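The values are calculated or read from the model by the stated rules, or taken from the named source; none is laboratory data. Nothing here was measured: the structure is a model prediction, and the numbers come from that model. Cβ coordinates were reconstructed from backbone atoms using ideal geometry, including for glycine residues, and neighbour counts include every protein chain displayed. These area figures cover heavy atoms from the full protein model, side chains too; ligands, DNA and RNA do not enter into them. Shrake-Rupley method; radii C 1.70, N 1.55, O 1.52, S 1.80 Å.
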Amino acid sequence: MSAVFPTVREVLALDPVRHGAPRVVAGDEGLDRPVRWVHVAEVPDIATLLGGGELVLTTGIGLPGDDAGLRAFIGDLADVGVSGLVVELGRRYVSGVPRVMAAAAERRGLPLVELRRATPFVRITEAVHALIVDAQLTELRATEEIHQRFNDLSVEGADAAEVIRQAAELSGCPVVLENLSRQVLGYDPAGESAELLLDGWEQHSRRIRPAGRTAYDADSGWLVTTVGARGQDWGRLLLRWPASGDVPSAQASEATTGSPTRLTILIERAASTLALGRLIRRDAEGLERQIHRTLLTALLDHSRPVDEVGLRAKALGVVLDRRHLVGVMVRHRVDDPAGEAGPEAGQARLRDLSEAVGQALREAKLTALTSAVDDNSVGALLALPDPAAEERALSAFASALRRVRLDAGAGRPGPGVEPARTASGVDVSRPAPDASRADLVRAGVEAGRAVVDGPRGAGPGAVIVAAGSGVSTLREARRSLVEARQIAEAARRDRRDLPIFRLPHVGLAGLLHLLRDEPRLQTFVERELGALLEYDALHPRERLLDTLRAYLEQGRNKSAGAAAAHLSRPAFYERLARIARILDVDLDSVEASLSLHVALLALEAVRAP
């Protein structure tokens, strides 16, 4: 029964009742029963006319005179479920109700109240009924607020976190959204301890078994509804409401606290909003992947406390505490591949890569947070049992990623393989009918390389896998992720066929790329090459910077440099002399040439997108 009705205790506190000097003589434990209506009765068989929840008022003039009759009268009222019995003294009973009546009421837990002063019953009924009507109006307004709030959230396309927050705010109760595997997708503790709320959640959740799509589990104290639409359920929304009905009200509005009916409406509207939002975003990332992205982004930009990230990841089934953590970044070498244009194509390519990384992690049986972290990269934070498992885990991931992308048909056909095209227009490869066994083996190797690295590591399908240094705490995870991202950027200029790039692989060019945002490096470039850059800006046709690059890249061999620059040797020599004058440097000096060469590499790193 809804808490919108006043309790017997609240009725006894009303002025018309207090005027009668009420005294509870039995059934104290039932004073918190709700009063649905007030009924005046002076006949012994009134129970047949009642439906339960009434507060019965009587003077006793029509009650049985024998003990057995009084016991039966009390028993009938208790059986039908009345809230209480109020007897006015003075007409039938002068000093108090009969002891047998009080004893019978006490046995049945039925509140029995004496009014020791004459009181017009009509005033009591008017006061109670007005209280009920006012409460019902309040309930109606609060319900309308719930509908309006969640309608607005649906229209605005609010994410799951906002829907959960609003549900917790309106109810003043903790709210948890879980998937069908009992992993937490989102929660709001409503001011309580999140650690206590989520501790051992999966085991706790599996013990919550309400009967019905929306129901209250009295044993656990959780109100539960299923989340889904179009016959496809994908989760449960749970709201913790104490069985006593004493809903926490510290954060709840006065108009919304305390009604089970209202909370049922609230949780069902919240579930509907979540289901609608999922349908709207059905072509976008799944909710789990969105949470993965939120947590990885939070680690990279410090947008959430590290402890909260660890707690939410654990609730999602990814334990990061007491683990060896390794940041990994996977990205295409080429940002804008040939044959694709526009943001939609780029998003589709990134989504495909993200799915491939996720599948590779599953095949390699690795636990990780993973999602796209920017427009070009897919990140993963591996959680390993110990540091000794790092190299083995990374190798397993790289091999699985190669297989996944090969199975997806991303490779280019090699010897012994003829091109084929699916109905959707995606290129795949199949063995040519006359292919030899050697051709098939060679084709598999070439296709595998093309899938992950592209032709010579530079094609549109080329993928770079980079890993940062392993760390032992979640607070250090950002360093590993940032290092992996920087290594992946630096490796774009490396054409080696490496399954995984680590910091030692990036070399001088990679080191300079990692330092490209460092002001001191940029100052060094300007100091070494500034005068030459200014000259080229005024004389763009001469391109002396390219002349210097050709000279240094050929090991200061002037003949080879002239050939690389497509200039005659006299013209090349004259340009070198002009460069020496502009920069005021001796190009025959090994130390000076080394400094200029480093400056050129740094300039390329600074200019790189």
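Key figures for this structure:
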read-out	value
Selection within segment 354-371 - closer than 18 Å to Val334 by Cα and either part of a loop (DSSP other than H, G, I, E, B) or modelled with pLDDT under 90 (or both)	Ser354
Residue list for segment 455-495, restricted to those being open to solvent by 50 Å² or more (accessible area, probe 1.4 Å) and at pLDDT 80 or above	Ser472, Thr473, Arg475, Glu476, Arg478, Arg479, Arg485, Gln486
Residue pairs meeting the criteria (Cβ under 6 Å; at least 6 apart or on separate chains; first over 17 Å from Ala21 (Cβ atoms) and in contact (Cβ under 8 Å) with a residue 12 or more places away in the chain, in segment 92-112; second charged (D, E, K, R) and part of a helix (DSSP H, G or I))	Val100/Asp67; Ala104/Arg71; Gly109/Glu29
In segment 583-600, the residues that are in a helix (DSSP H, G or I) and open to solvent by 50 Å² or more (accessible area, probe 1.4 Å)	Val590, Glu591, Leu594, His597
Some residue of segment 93-108 being open to solvent by 80 Å² or more (accessible area, probe 1.4 Å) and either among the small types (Gly, Ala, Ser) or within 30 Å of Asp199 (Cβ to Cβ) (or both)	yes
Checklist (1) touching a helix residue (DSSP H, G or I) at 6+ places or on another chain (Cβ under 7 Å); (2) in a loop (DSSP other than H, G, I, E, B) applied to Ala509, failing item	(2)
Helices (runs of 4 or more DSSP H) within segment 1-108 that include 3 or more residues of a type in the set (A, V, I, L, M)	8-12, 67-80, 99-108
Any hit, segment 330-347, residues being open to solvent by less than 20 Å² (accessible area, probe 1.4 Å) and either modelled with pLDDT of 90 or more or part of a helix (DSSP H, G or I) (or both)	yes
Qualifying positions in segment 538-560 - of a type in the set (D, E, K, R), outside any helix (DSSP H, G or I) and within 21 Å of Glu591 (Cβ to Cβ)	Arg556
Breaking point among (1) open to solvent by 50 Å² or more (accessible area, probe 1.4 Å); (2) within 30 Å of Ala467 (Cβ to Cβ), for Ser568	(2)
Pick from segment 114-148, criterion of a type in the set (Lys, Arg) and out of contact with any Leu (no Cβ under 7 Å at 6 or more places or on another chain), ranking: modelled with the lowest pLDDT	Arg141
Filter result for the condition that a residue is under 16 Å from Ala315 (Cα atoms), at pLDDT below 90 and more than 16 Å from the chain's Cα centre (by Cα), over Gln232, Gln203	Gln203
Number of the condition not met by Leu320 [criteria: (1) closer than 30 Å to Leu498 by Cβ; (2) at pLDDT below 90; (3) open to solvent by less than 40 Å² (accessible area, probe 1.4 Å); (4) in a loop (DSSP other than H, G, I, E, B)]	(2)
Test: residue in segment 546-553 that is modelled with pLDDT of 90 or more, out of contact with any Ser or Thr (no Cβ under 7 Å at 6 or more places or on another chain) and surrounded by fewer than 16 Cβ atoms within 10 Å (Cβ to Cβ)	yes
Selected residue (criterion: nearest to Val11 (Cα to Cα)) from residues of segment 33-48 that are touching a helix residue (DSSP H, G or I) at 6+ places or on another chain (Cβ under 6 Å) and either open to solvent by 20 Å² or more (accessible area, probe 1.4 Å) or touching a residue at least 40 places away in the same chain (Cβ under 8 Å) (or both)	Val35
Test set (1) surrounded by fewer than 18 Cβ atoms within 10 Å (Cβ to Cβ); (2) of a type outside the set (Lys, Arg); (3) in contact with a helix residue (DSSP H, G or I) (Cβ under 9 Å, 6 or more places away or on another chain); (4) closer than 17 Å to Pro111 by Cβ - Gly84 fails condition number	(1)
Residue match in segment 446-454 (condition: of a type in the set (Gly, Ala, Ser), in a loop (DSSP other than H, G, I, E, B) and at pLDDT below 80)	yes
Subset of segment 495-533 (residues that are without any contact (Cβ under 8 Å) to a residue 24 or more places away in the chain and either under 18 Å from Val463 (Cβ atoms) or among the hydroxyl-bearing types (Ser, Thr, Tyr) (or both))	Leu498, His505, Val506, Gly510, Thr523
Test for Glu534: is it of a type in the set (Asp, Glu) and part of a helix (DSSP H, G or I)	yes
Candidate set from segment 49-74 (those that are within 55 Å of the chain's Cα centre (by Cα) and aliphatic (A, V, I, L, M)); member that is most open to solvent (accessible area, probe 1.4 Å)	Leu49
Residues of segment 349-392 that turn out to be open to solvent by less than 30 Å² (accessible area, probe 1.4 Å), small (Gly, Ala, Ser) and more than 15 Å from Val463 (Cβ to Cβ), as a count	5
